[in-house]
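Single-structure report; data block below.
Values in this text are rule-based calculations from the coordinates and carry no lab data. Because the structure is a prediction, the values reported are computed rather than measured. Positions of Cβ are backbone-derived with ideal geometry, glycine not excepted, and every protein chain shown enters the neighbour counts.
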Amino acid sequence: MAKFSGMKINPKKFHRSQIKFYFILIPMAIFMGLPIMFIVSHAFKPLNELFAFPPRFFVRVPTLQNFRDLISLAADSGVPFSRYVFNSLIVTTTGVFLSMLFTSLAAYGLSKLHFRGKKLLFEINTLALMFVPIAVTIPRYITIARLGLIDSYLVLILPLIALPVGLFLVKQFIDQTPNELIESAKIDGASEMQIFLKIIFPIILPAVATVGILSFQLIWNDVIGSTLYVNDESMKTLAFYFATVAQTMPGQAANPVAGQGILAAASLIMFVPNIIMFIFLQNKVMNTMAHSGIK
Amino acid sequence: MIRRMNHPAWFFGPYLILFLTFIVVPVIMAITLSFTYFNTIETPEFIGLRNYVELLTRDEIFMQYVLPNTIKFAFIVGPVGYLMSFLLAWILAQIPHRVRTLFAIILYSPSMTAGIAMAVVWRVLFSGDQSGYLNSLMLNWGLIQEPVQFLTSPNYLMNIMIVVSLWASMGVGFLAMLAGILNIDQSLYEAAYIDGMKNRWQEIFYITIPSMKPQMLFGAVMAVVGTFQVGLIGVQLSGANPTPQYAGQLMVNHIEDYGFIRFLMGYASAVSVVLLLMIYGISKVTFNLLGERD
């Protein structure tokens, strides 16, 4: 059993045997993390440092000028920056919540309920997630126009709620939960919905949280909705505004280098909520199962 | 109320309505369009299989660049990204919680920096003049005499796309696998060691992977779908569609090129149906490789 003591999944504390893992993790983390550090550092660079030659990785004299430029650019275009933020927050919170709820409900149905057409439904769902989104853009526009949903908040949310990938993921997790759990609850007289809410949902929280993370990214970063389905400038989202800045500012014309700083600031603003959401939900992803009572 | 909710409709209703309206119906429309000539303005005109015939027999760019590029890209980024996700998830599962959280955030964050961030970081790093960081470094060290045109030269573009994609490949699949590994019943390992299991490799192949098969499958599907549906990177890096000499042209770029630049939506739909068939076929093969029979 001496050998066994070295093996440990989810250890409580540091042990010498873990050192070898850090030899892989630390270089990987540097490779993955440096570009992120670069965005952060670039966003705070004043103009002369953006122009500096040779280029420098870290910022020397941080400034908020890039962020101020970004906000005043919005004001110039007629829609205050705060409006974009507000739109994005409303659309994203509603969308993420509904997406997690609907997706996990459907996944429970696919995994544990019995009815005709279940296999077919799962197969259609899998096919749908394999169909490249860009090819559906125009047909989806036609559908939305027919439904008369153009120019409403709903149209920024509704198309993004049903998440075939999410359904697939949550179903995989529910498949792993033992049927005995459900059977015994049924004997005690619980309905399917009660079983789902009280027993299954807590167990699959990691998967649901993963769907939350995914759906947050999709909705928060979505540009297509604001570009195609909404004409009213004051209903468009932050991601859309940044995308227009990215199209008009960068690379090409007048002042490519100054544009870089503003774009980095925009990337940072887009990125921070993503990471906050991730930190908030990752604990669920990584730790819930251990306490879920299946063990 | 909740006490009487037994019917499948309670579970499927909301999802199904949205799924059908915004996904299934548009997908069926797109598939139908692939049998038509549609310039996005006039009514589509039915032309049978002509788009497909054209694609397979006449479209030299597709056969010469797009298809080989897509296959090369997907066959490198898919498997390598998948193995990396699994290995890193497995390693992360074996260090304490706090450090793990920190590393998971760092490893996962590239996959969150979609869109413009991609353009900012990588275009600046690989920029072709002296202000490009990589060029500046290599000039400094005397490795090269003059700046390399990383992003506009066909020789480099594809490889850079592969590196950047691998950088961002620790996505949802990785998270799912991490959750899967942490979820494995510890007593399985103990029992296996008592039964004579000898080392870590046996542990991985006999306990870890079989116990987290659903997550392994999910990760695999994500890797296949994710790599075949990549399109933004090449265009964002090089700043043009088509990419320089079609060096970084992938299926999705081809669809964009035809659908939104040349406005031949029928043809673009045909390309996307072919892409769907490819993804579907390869996923099935992957499922079989991973030993899922259903």
### Query
So, with +1 on the Cβ of K and R and -1 on the Cβ of D and E, and no other charges, what is the size of the charge dipole of the protein assembly as shown about its Cα centre, to the nearest 20 debye?
1680 debye
### Task
With 27 Å as the limit, write out which pairs from A:K112/B:K213; A:K12/A:K171; A:K118/A:K236; A:K118/B:K284 have Cα-Cα distances beyond it, or answer none.
A:K12/A:K171; A:K118/A:K236
### Query
Which of A:Q194, A:Q282, A:Q172 moves most in a GNM of chain A, Cα contacts under 10 Å?
A:Q194
### Summary
With label points set 7 Å from each Cα along the Cα-to-Cβ direction at A:L181 and B:I261, the distance between them in nm comes to 5.1 nm
### Task
Using only Cα atoms, find the angle between the long axis of helix A:19-43 and the longest principal axis of chain A, and express it within 0 to 90 degrees, rounded to the nearest 10.
40 degrees
### Query
Could you give the nm distance between label points at B:H7 and A:T248, where each point is 7 Å from its Cα heading toward the beta carbon?
5.2 nm
## Note on the structure
In a Gaussian network model of chain A with springs linking alpha carbons closer than 10 Å, the residue among A:P55, A:P11, A:P159 that fluctuates most is A:P11
### Task
Please list the helices of chain B that count as membrane-span-like by this rule: a mean Kyte-Doolittle hydropathy of at least -1.0 together with Cα atoms stretching 24 Å or more along the helix axis, each helix being a complete DSSP H run.
B:67-92, B:265-289
### Summary
The exposure ranking of A:F168, A:F38, A:F14, fewest beta-carbon neighbours within 10 Å first, is A:F14, A:F38, A:F168
### Query
What is the average number of partner chain Cβ atoms found within 10 Å of a Cβ in A:267-275?
4
### Query
If you put +1 on each Lys and Arg Cβ and -1 on each Asp and Glu Cβ, how big is the dipole of chain A around its Cα centre, in Debye rounded to 20?
1160 debye
### Task
Treat every Asp and Glu Cβ in segment B:1-119 as -1 and every Lys and Arg Cβ as +1, leave all other atoms uncharged, and give the resulting dipole magnitude about the Cα centre to the nearest 20 debye.
820 debye
### Task
For an R0 of 56 angstrom, estimate the FRET efficiency from the Cβ-Cβ distance between B:F205 and B:Y37 and round to the nearest 0.05.
0.60
### Query
Mind checking which of B:L139, B:L55, B:L264 has the largest fluctuation in a GNM of chain B, springs on alpha carbons under 10 Å?
B:L139
